[in-house]
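In what follows, a single structure is set out as structure tokens and then discussed.
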Number of protein chains: 2
Amino acid sequence: MAKKRFTAEERYAQIVKVAMRLFSQKGFKGTTTREIAKEAGISEAIIFKHFAKKEDLYSAIIDMQCNDKQGQSFLMRRLEGKEGRDVFREIAAFLIQMHQEDPTFMKLLMFSALEGHKLSDIFIRTRAIETLDYLAKHIARLIKQGSFKKTDAYIAARAFMGMVLHYSMTQEIYGMKRFFRTPVTKVVNIFVDIFFEGMEAH
Amino acid sequence: MAKKRFTAEERYAQIVKVAMRLFSQKGFKGTTTREIAKEAGISEAIIFKHFAKKEDLYSAIIDMQCNDKQGQSFLMRRLEGKEGRDVFREIAAFLIQMHQEDPTFMKLLMFSALEGHKLSDIFIRTRAIETLDYLAKHIARLIKQGSFKKTDAYIAARAFMGMVLHYSMTQEIYGMKRFFRTPVTKVVNIFVDIFFEGMEAH
DNA sequence: ATATATAGTAAGCACTTACTCACCACAGGA
DNA sequence: TCCTGTGGTGAGTAAGTGCTTACTATATAT
């Protein structure tokens, strides 16, 4: 029961972490500073020692998320050596699994977009476009080498990401998982097969 | 400048309309009853003459949206006589165009899902599942008659809806339309072609 | 015209919100 | 041992918040 005295850095990081969790659960406007303080086990006042305004917590979250390239590079490492459908399978499985295990960031991003905060904007301008670029360039390469049909690589990339991300969103946020509980690998395989071969019988 | 005296019904409908617009712009928690009153040009008290609690405005919106089958039947009528890819083209174009013209309902639904209100839940349990059923059954029919490959019709339906709805969402809510402005018909054709033929060169 | 029902209001209640300020506790160098 | 810097708090404040009350204005039926 020893109440440790945190250093400023530790406390700062802890507050951001708690705030992120609560914002993703109840939105920026739906979360009170009292609540953050309570969850962090401190008084409200010390939040305002670290962050001049509640809004500043959002900026701190952005910094944290955009500097944490962990997930991104983790995926890249898993893609190494993969070819053909396996590249797409890996991406889809990674995204669906990640959001299934912890939908925090997806929710935070949605709240941010709806409430008009900068987080979603910055995320879109950097990470989202980046990922889309990566996929579109991969597709463009496959088109150039003749294994994919000629079409707009960016729209194709968005089609694929759309299947995957909308599936995650409906499962985790709209609660579709109450009605549909297909194993991830099966879903992924169907998505990738549709993306490669289409539905039409040859 | 004659300030007309509304009947109870007229006023009720007007308040719901204003509330829906504001909730979709700023969320339930982000909208105050004062604001609704101001926008409707009335005093706050009369909102509470019609709705006992602020929460009841949500129920009224649900009723309005779920009883307004206009859009649904409008789409069904447009689908009559269509075959093959045109069915899917029509659905995709309808959804993308609708959300482009007025993203109000999409936003409201997202807020509702995130804030944990009943609207999204009821909508999912009725309209969303209904639409998914329609599409899945259509796909199942195509599978049975041999023009589509054998696969899980519901996952396939969600793949298609995912492409379309995630595209709308990223365009209108995450602001992707600042970066990508492809004509709707082109996007729709690419999506439907991918869904039918896939990306692989034969 | 008068009565009555109902649309509508001004003002405020009890409570919550983000944010502040005067103050305390204690590790560590002098 | 006494300072001093820093982590931390209790008790506020002004500006909202949902919701209520006691009241007024006006359309309609008699």
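The values are calculated or read from the model by the stated rules, or taken from the named source; none is laboratory data. The model shown is predicted, which means the values in this text are computed figures rather than measured ones. Reconstructed Cβ throughout: ideal geometry from the backbone, glycine too, with neighbour counts over all protein chains shown. Accessible surface is based on the protein model in full, side chains and every heavy atom, while ligands, DNA and RNA are left aside. Shrake-Rupley method; radii C 1.70, N 1.55, O 1.52, S 1.80 Å.
Things worth noting here:
- Long-range amide H partners of A:Gly198 with built H, under 5 Å: B:Gly198, B:Met199
- Length added when fully stretched, A:Lys149-A:Glu55, from 0.36 nm per residue minus Cα-Cα: 29.1 nm
- For segment A:121-137, Karplus couplings with θ = phi - 60° (6.51, -1.76, 1.60), whole Hz, Gly/Pro x: 4, 5, 4, 4, 5, 10, 4, 5, 4, 4, 5, 4, 4, 4, 5, 5, 5
- Position A:Arg34, label points 7 Å along Cα→Cβ, spacing to each other copy in nm (shortest first, one decimal): 1.9
- Remark: spin-label model distance A:Thr182-A:Arg127 equals 2.7 nm, labels positioned 7 Å along the Cα→Cβ axis.
- When you restrict to C-alpha pairs under 8 Å that are six or more residues apart and normalise by the size of segment A:8-65, the relative contact order lands at 34 percent.
- Computed from backbone phi with θ = phi - 60° and the Karplus coefficients 6.51, -1.76 and 1.60, the 3J(HN,Hα) list for segment A:22-28 is 5, 4, 6, 7, 9, x, 5 Hz; x is used for glycine and proline.
- Largest to smallest in accessible area, the residues A:Lys17, B:Lys144, B:Lys107 fall in the order B:Lys144, A:Lys17, B:Lys107 (1.4 Å probe, all protein chains included).
- From its DSSP helices (H runs of at least four residues, each -39,500 (n - 2.57)), chain B gives a residue-normalised ellipticity at 222 nm of -22000 deg cm²/dmol.
- Stokes-Einstein diffusion of the protein assembly as shown at 20 °C, 1.002 mPa s viscosity, Kirkwood radius from Cα pairs, rounded to a whole number: 92 µm²/s.
- Taken over the alpha carbons of chain A as equal point scatterers, the Debye sum produces base-10 log I(q)/I(0) values at 0.07, 0.09, 0.10, 0.12 Å⁻¹ of -0.28, -0.44, -0.53, -0.72.
- Relative contact order (%) - chain A, alpha-carbon pairs under 8 angstrom, separation at least six: 22 percent
- Inter-label distance, nm, simple model (7 Å from Cα along the C-beta direction), A:Phe74/B:Phe6: 5.1 nm
- Long-range amide H partners of A:Phe148 with built H, under 5 Å: A:Ile143, B:Ala201
- Nm distances between copies for B:Tyr134, ranked from closest, using label points 7 Å along Cα→Cβ: 3.8
- Electrostatic dipole magnitude of chain B [Cβ: Lys, Arg +1; Asp, Glu -1; Cα centre; debye, to 20]: 400 debye
- Stokes-Einstein diffusion of segment B:8-65 at 25 °C, 0.890 mPa s viscosity, Kirkwood radius from Cα pairs, rounded to a whole number: 222 µm²/s.
- Each copy carries a label point for A:Lys150 at 7 Å from Cα toward Cβ; from one copy, the others' points are 3.7 nm away, ordered from shortest.
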